[in-house]
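Have a look at the structure below before the remarks.
The values are calculated or read from the model by the stated rules, or taken from the named source; none is laboratory data. Values in this document were obtained by computation on a predicted structure and should not be read as measured data. Glycine gets a Cβ as well: all are built from the backbone with ideal geometry, and neighbour counts include every protein chain shown.
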Amino acid sequence: MMFLEIKGIKKNFGEGDSLVEVLKGIDLSVEKGEFCVLLGPSGSGKSTLLNIIGGIDRANEGSITINGEKTEDMNEKRLTVYRRKHLGYIFQMYNLIPNLTVQENIEVGAYLSEHPLDVEELIGTLGLEKHKNKLPNQLSGGQQQRCAIGRAIVKNPDILLCDEPTGALDYNTSKEILKLIETVNQKYGNTVIMVTHNDAIKNMADRVVKLRDGQIRKNYLNEDKMKAEDLDW
Amino acid sequence: MKNPLNKRLPREIRGDFGKYLVVFLLLVLCIGFISGFLVADNSMIRAYNDGFEKYNIENGHFLTEHKMNKAQKRAVESNGITLYDQFYVEQEADFGAKVRIYAKRDNVNTVCLMKGAFPEKENEISLDRMFADNHELTVGDIILLAGKEYTITGLVALPDYSCLFENNSDSMFDAMLFGVAIVSGDTFAQYTEDELNYDYAWKYDVEPQNEAEEKTVSEDLMSAVNEEVALKDYVPRFENQAINFTGEDMGSDRAMMIVLLYMVIVIMAFVFAITTSNTIEKEANVIGTLRASGYTRGELIRHYMAMPCIVTLISAVLGNILGYTVMKNICARMYYGSYSLPTYETVWNAEAFLETTVVPVVLMILINFWILYRKLKLSPLQFLRRDLSRKKKRRAVRLNPSLRFFTRFRIRVLLQNAANYLIMFIGIQFAYVLLMFGLVMQPILEHYQELITDNMIADYQYILNMPVSEMNDKYKLKMLFSMLQFEQNVETENEDAEKFSAYTLRTTDESYMLEDILLYGIEPDSRYVHLSLTGDEVYISSAYAEKFGLQKGDTITLKEKYEDKTYSFTVTGTYPYEAGLTVFMTRDHLNEVFDLGDDMFGGYFSNTEITDIDEKYIGSVIDLDSLTKVTRQLVLSMGEMMKLVCGFAILIFVILVYLLSKIIIEKNAQSISMTKILGYSRGEIARLYILPTSIMVVLCVLISIPVTSYEIGIIWKAMMSGMMTGWLPYWVPKQAYIQMFGSGLVCYLVVAALELHRISRVPMDMALKNVE
């Protein structure tokens, strides 16, 4: 059994004449520790799929099983526990708490785990030692995103969900962030599912899933995986 | 691991210091004052209640025409009571006040020494503490009474005069013009018999079990005493205002204070809730992320509730400390300013602690929890998308495009902040109720004085003293003789004098405070009461009609003071008389109803002083001075308090408007920043973001003034009905409305200036930095 199994996921928005089928039956399996990239144009349903995997949105049909646990049967309380135990989230916007320092923002994530990673060590991995006592508004976009990544991974989640993590960053900073996610994936062995519309990022993934109009158009394992450092776009 | 979100809390205080400081100060002051009040109130009530035993307060007293002999005393005491002589003399001080002087009591109604020493030598006196305070007299001073100098050796509290009612029938006490004092037994022995009033206090050998039994026992006792002696007055303790008024009044103030506190807490809770809602809107993305990461709704609710609860808790604790130390003394002074209470010891008051600490925190928790629970009920995704409306599809209100852009913009700001403005309206309402109460109290009293002056029946009303015994059927011969003698001696040559009959009955409607109603039997062609009365027509005074909501055709039922016998009268009309609760009928009718005899009369109306009737036949004189006693005492005891109330109301007004307009500016900080970038001037931005609040404040103020006036009218009537005897008509001078509007406007201008400053501090890069 695969670590993450997605079967027949359908998702509609609206009703009647204005009904829009965003996901039209998604089947997908991801191995533990795999780096999976969801690619696709705007409106293809990749973020919706990510949100459903993350338990912050509900599918109309289908099932998601993570490490043997089905999410569709869970009530809101259990879903929260599920997210707390298994998931880490990174968004395009960093969504850091403005009046907490870098270290404290990371601790916000650590608080959720019974066995969090060592915060100091993680700050080192993130390259934020010099900034750990700064507030978010004293940081650059890249540093803020590093901090957001730190917050997501400090609880050592089984799955790291990344929704356009480099969407708001310039080329160099984006590469830095991708390198960081790559490091995290390798160092801590988390499964990474990343939504992006940057085609180049597929090259660093283990698995590439291309969506269009709510359906998977392509789903393949990347044989020629590149290092984030070598990506170019 | 401690929740790292908690680290935000001290920073939140630093970041929004102004807001937390004003809320904190308001809560500390409010809780402090009310805690102090409750502690003082409770301690003093305890001292007052303990005083019944500690000072062996009488079960009642009666006044007799003549000194009782031993046989009479024995006969009276055979009814299960012990009598104590409590004679007194009344002397006028050089400053016009009447002082009732007793010999130092050792057995019953023993005296509490507040300061100095008891009088021992001749010409030494101990004055009632409050009376002395009112006349700025203290130990060592000299007081001139009936031309004789007395040195004040001490200030005392007489337990049977915790409230300085001169007569039990008075609607209000007057601690300016009436006081009590004690002298040594030797000094008292020097007073002549003519000066003495034969007052006897009694204690039951076996205390009645309950009030009903006490009433029956006291009524039986009165009949028994009446058989032995000529009674001038008979006052069982449960009817004695000088003893009971204080306890009743202290209890009623307490309820009012607690309601006041809870209203402040509820308003502050809503202010906090609105502030927090605003923060939640601002931090929607963060909340979405936290929720997506696994933070539970409960954790976030607890986090956002922490600040209001901590602030309230700290305020409550500090407020209580302030209450037990400083405020308690201030509040005790307020009581000492109104009542002649004995010394008290501060008593730890668990109930006050509960009411001023636990209840405010619980209220804060409940209100904030309710609002936060609703607010945080949204899914993480909705927070991430900033889709914070619980309604499915929230459409923008359509505004007429022909409206000017600025007008439409302002309407949008108004709509966006509707909840804030609602709280603002409620807060302004609350502040205005307090403000108006503070502002109208004195005018109401002054107006009442004017009314009394304008429609006094006569400059003097002499109520003749007809001893109760003279009415006793059992001694018909004695009664006949007394009546003849009385009739001869109460005739006057004064041409202004006009006879009237009088009788006092008591109300029976228990939803109001029971009070005495004076029934006048007037001459058919009276020069003083302008009524053409015929037959059994009965008019009631306008004050009576207003207080009890009576009108033509209604039936009033009154009862004998000490008996169950009731009388019913149908109201023919209302006579414009505000000075008292009275009933008017023809003299013949009154004499017939009460079986007083055809020629019987009880007093004179006169516009000039009657000097040819012996004072001993004059029970009381109703003149301007006696009629304005209520207002004088109220001004004395409530004047300072009303200023405090006004100050507090203005403080609440400023704080609320400041907090809510601050929220509005903060909520729109990003848009303000953007308008700055676009090139809008400071004035234009103010017109967009401050003017809507200004319009709302003015509207709230304008609506609040008549609404408040109406509310105060209702409160006033309820207060008059349930807490006071007599009737003070509700009246608001135009000036009070102007003051309310003016103070509201001035307060807002101060706040608006602060907001203008706040707008100027919104940085332009805010809009650029926070673009998503």
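If you scan the range A:54-105, which residues turn out to be more than 8 Å from chain B (Cβ to nearest Cβ), at pLDDT 90 or above and assigned to a loop (DSSP other than H, G, I, E, B)?
A:ALA59, A:ASN60, A:THR101
Could we say that B:PHE118 is among the aromatic types (Phe, Trp, Tyr) and under 20 Å from B:LYS54 (Cα atoms) here?
Taking the combined requirement at face value, the residue satisfies it.
For B:ILE759, indicate whether it is touching a residue at least 60 places away in the same chain (Cβ under 8 Å) and either within 30 Å of A:PRO136 (Cα to Cα) or within 14 Å of chain A (Cβ to nearest Cβ) (or both).
Answer is yes for this residue.
Can you find, within the range B:525-567, the residue that is surrounded by the most Cβ atoms within 10 Å (Cβ to Cβ) among those that are basic (Lys, Arg) and in contact with a strand residue (DSSP E or B) (Cβ under 8 Å, 6 or more places away or on another chain)?
In this case the residue turns out to be B:LYS559.
Given the criteria crowded, with 20+ Cβ neighbours inside 10 Å and in contact with a Phe, Trp or Tyr (Cβ under 9 Å, 6 or more places away or on another chain), does B:MET263 qualify? Show your work before the answer.
Working: crowded, with 20+ Cβ neighbours inside 10 Å: no; in contact with a Phe, Trp or Tyr (Cβ under 9 Å, 6 or more places away or on another chain): yes.
Taking the combined requirement at face value, the residue does not satisfy it.
Of (1) touching a helix residue (DSSP H, G or I) at 6+ places or on another chain (Cβ under 8 Å); (2) at pLDDT below 90, B:ARG46 satisfies all except one. Which?
(1)
Please return the ranges of strands (runs of 3 or more DSSP E) entirely within the range B:418-536 where 1 or more residues are modelled with pLDDT of 80 or more and among the small types (Gly, Ala, Ser). Step through it out loud before you land on a result.
Details: elements: B:460-464, B:498-507, B:516-522.
Hits in the range B:418-536: B:498-507, B:516-522.
Can you name the number of the only condition in (1) closer than 30 Å to B:THR276 by Cα; (2) more than 14 Å from chain A (Cβ to nearest Cβ); (3) among the basic types (Lys, Arg) that B:LYS2 fails?
(2)
Just to be sure I understand, how many residues within the range A:136-153 are closer than 15 Å to A:TYR111 by Cα and within 10 Å of chain B (Cβ to nearest Cβ)?
Going through the range A:136-153 one residue at a time, the tally reaches 3.
Checking the structure you have, find out if any residue of the range A:107-124 is away from chain B (no Cβ under 12 Å), modelled with pLDDT under 90 and closer than 19 Å to A:ALA168 by Cβ.
No: the range A:107-124 contains no residue that is away from chain B (no Cβ under 12 Å), modelled with pLDDT under 90 and closer than 19 Å to A:ALA168 by Cβ.
Taking A:ASN51 as meeting all but one of (1) more than 17 Å from the chain's Cα centre (by Cα); (2) part of a helix (DSSP H, G or I); (3) at pLDDT 90 or above, write down the number of the exception.
Failed condition: (1).
Out of curiosity, is B:SER78 touching a residue at least 60 places away in the same chain (Cβ under 8 Å) and not basic (Lys, Arg)? Step through it out loud before you land on a result.
Values: touching a residue at least 60 places away in the same chain (Cβ under 8 Å): no; not basic (Lys, Arg): yes.
No: the conditions fail for B:SER78.
Before we move on, is A:GLY14 within 14 Å of chain B (Cβ to nearest Cβ) and of a type in the set (Gly, Ala, Ser)?
Yes; evaluated as a whole, the condition is true for this residue.
Quick test for you: out of B:ALA273, B:ALA242, pick the one residue that is more than 14 Å from chain A (Cβ to nearest Cβ), buried (at least 22 other Cβ atoms within 10 Å of the Cβ) and under 30 Å from B:ALA75 (Cα atoms).
B:ALA242
Can you tell me which residues in the range B:669-702 are farther than 18 Å from B:ARG408 by Cα, under 42 Å from the mean Cα position of the chain (by Cα) and not in a helix (DSSP H, G or I)?
Listed by number, the list is empty, since nothing qualifies.
Would you say B:LEU164 is closer than 29 Å to B:ASN134 by Cβ, crowded, with 20+ Cβ neighbours inside 10 Å, at pLDDT 85 or above and within 21 Å of the chain's Cα centre (by Cα)?
Yes: the conditions hold for B:LEU164.
Would you mind telling me which numbered condition in (1) over 27 Å from B:THR64 (Cα atoms); (2) of a type in the set (Asp, Glu); (3) in a loop (DSSP other than H, G, I, E, B) B:ASP106 fails?
Exception for B:ASP106: condition (1).
Just checking, which of B:LYS7, B:LYS73, B:LYS19 is surrounded by 16 or more Cβ atoms within 10 Å (Cβ to Cβ), within 14 Å of chain A (Cβ to nearest Cβ) and in a helix (DSSP H, G or I)?
B:LYS7
Any idea which residue in the range A:125-135 is nearest to A:MET194 (Cα to Cα), counting only those that are among the charged types (D, E, K, R) and within 14 Å of chain B (Cβ to nearest Cβ)?
A:LYS132
Looking for whichever is within 14 Å of chain A (Cβ to nearest Cβ) and hydrophobic (A, V, I, L, M, F, W, C) here; the options are B:MET327, B:MET307, B:MET334, B:MET364. Which one fits? Spell out how you get there, then give the answer.
Details: B:MET327 fails: within 14 Å of chain A (Cβ to nearest Cβ); B:MET334 fails: within 14 Å of chain A (Cβ to nearest Cβ); B:MET364 fails: within 14 Å of chain A (Cβ to nearest Cβ).
Only one candidate qualifies: B:MET307.
Kindly list, by first and then second residue, each pair from a residue in the range A:137-148 that is under 10 Å from A:ASN95 (Cα atoms) to a residue that is in a helix (DSSP H, G or I) and of a type in the set (Asp, Glu), limited to pairs with Cβ atoms under 9 Å and residues at least 6 apart or on different chains.
Matching pairs, first to second residue: A:GLN145/A:GLU176.
Residue by residue, here is whether (1) under 30 Å from B:GLY427 (Cα atoms); (2) touching a helix residue (DSSP H, G or I) at 6+ places or on another chain (Cβ under 9 Å); (3) of a type outside the set (D, E, K, R) holds:
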residue: B:VAL621; (1), (2), (3): no, no, yes
residue: B:ILE650; (1), (2), (3): yes, yes, yes
residue: B:ILE655; (1), (2), (3): yes, yes, yes
residue: B:TYR658; (1), (2), (3): yes, yes, yes
residue: B:ARG687; (1), (2), (3): yes, yes, no
residue: B:THR708; (1), (2), (3): yes, yes, yes
